[in-house]
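Only one structure is covered here, and it is reproduced in the block below.
The values are calculated or read from the model by the stated rules, or taken from the named source; none is laboratory data. All values reported here derive from a predicted model rather than from experimental measurement. The protein model used for the area step is the full one, side chains on, heavy atoms only, and it has no ligands, DNA or RNA in it. Shrake-Rupley method; radii C 1.70, N 1.55, O 1.52, S 1.80 Å.
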Amino acid sequence: MRRPRKGRTVTHTGMFVDGEWQNTSSDDTVELIDPHTEEIWGRTEVATATDVDLAVTAAKRAISSDWQSWTLEDRIKTVLRIGDLLEARRDELAELTVRSIGSPHGPAKVLGGAVQLIKMYVESVRRVNFEYLRREAAGQALVTRRPVGVVAGIVPWNAPIRSEVKKSIPALLCGCTVVLKAAPEAPFAAMILAEAAAEAGLPPGVLNVIPGGPETGAALVQHPDVNKIAFTGSTATGARIAAAAAPTFKRLQLELGGKSAAILLDDFDLETTIPLLVRGAWANTGQKCVALSRVLVPRSRHDELVAALADAAAAQRVGNPMDPTTTMGPLSSRRQLDRVLGYLELGVSEGARIAVGGGRPAGLDHEGRRVMPCLRTVADACSAGDSPRTRALPREFPHRYQADRQSEGRQAIRQRNRRARKLPETATS
């Protein structure tokens, strides 16, 4: 993949299938827009159902190729080589992450721990007993673990390269083949992974990458030769995938929407807790499905926590994501910006009090898609349990904290679970 330069629009050849880069059968493209400048910096093609079939066919054919004869140590050696190649392109991946989703450059260079994940998967697979004799009262049986077949990986946009590694590397280590659908908002990570896999010596067809949106994903999920689906995204989309997979009994691995609350007991240490809450809510500009969006705090310490957390929010530096002093960059898309601002307005209209932040930042060269980190409070978590104000707490990507009073830990857990069941779902994929 060509590295973007200032003032240059990058167009990438559409898909990596059967060991080769190929154009898709569609003339459609997706524009990649820099969240900081809101300028188009790249374009990528869109795979059709015909392209999906080519990729799945290549993956199915590869199962019975030389790949079948590779030992576990062969696969481990190649996967570790892929990790080394990704490490060598760390700066490039970080820059592309900034350009695609607005993550601050410093955290982006961590690559979501993707290289460390690869090493962890290698350590884990070495502990798997792929063949063993099981003895029972009725006799004994030889248990053998075999590759499941073609795995379809569908990734979100908010964790480039980490998501692609999670969906592909464990499958490859176990001897499966993979068709990876890149996220249309951030397709570069999957493309770089494909380049690294080819350079590392992975056989043609073992890893295939196709770009596209919901229609591409639907074609992949419904393909009869896909044996397993690994998906990260919203609960609503996950339910549709499960329904589509049911007739052919495809295996599923679904990582869906969550609702994360921090529950503090009355003996929490403020100095230790605040950095954890800040990182939990506002890392990656709050754009992560595990982002903390609520704090349930004892009534006796509510005001103390709110004051400290408000100071921490005000200290966040919102600005150019390439500036090393920036701690929060822009939101990834105009849609995300509108959603965040809409939820902030809804929360105020339903009685929440803004303790700090929540508006658009001023005095920047590029206003972009930025929102100041926000902390809001409600009067009482117990009385708020069935309140319509819960509508202002979306499951994904909060960008804002809500501090609720509660009396003790068990009550907080009950409150958190009751509200999580009643919250509406919002799509992220």
Pairs of Cα atoms farther than 17 Å apart, segment 193-251, %:
48
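From the mean inverse distance of alpha carbon pairs (Kirkwood) and the Cα radius of gyration, derive Rg over Rh for segment 284-365.
The Rg/Rh ratio comes out at 0.97.
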Whole-Hz Karplus couplings 3J(HN,Hα) for segment 69-76, θ = phi - 60° and coefficients 6.51, -1.76, 1.60, Gly and Pro as x, run 8, 5, 7, 4, 5, 4, 5, 4
May I ask you to list the aspartates and glutamates whose Cα is less than 12 Å away from that of LYS167, ignoring any residue fewer than eight positions away on the same chain?
GLU255
Determine the gain in length on full extension of the stretch GLU73-SER349; use 0.36 nm per residue of separation and subtract their C-alpha separation, reporting nm with one decimal.
93.4 nm
Cα convex hull of segment 214-365: mean projected area in nm², to one decimal?
12.8
Would you mind working out the accessible area per residue for segment 86-186, using a 1.4 Å probe, and quoting it in Å²?
41
Please give the per residue accessible area of segment 198-319, computed with a probe of 1.4 Å over protein heavy atoms only, in Å².
42
How much of the accessible area of segment 180-285, probe 1.4 Å, is carbon plus sulfur, in whole percent?
57
Between segment 275-289 and segment 125-142, what is the C-alpha centre distance in whole Å?
43
How big is segment 161-273 in terms of Cα radius of gyration and Dmax, in angstroms?
17.7, 58
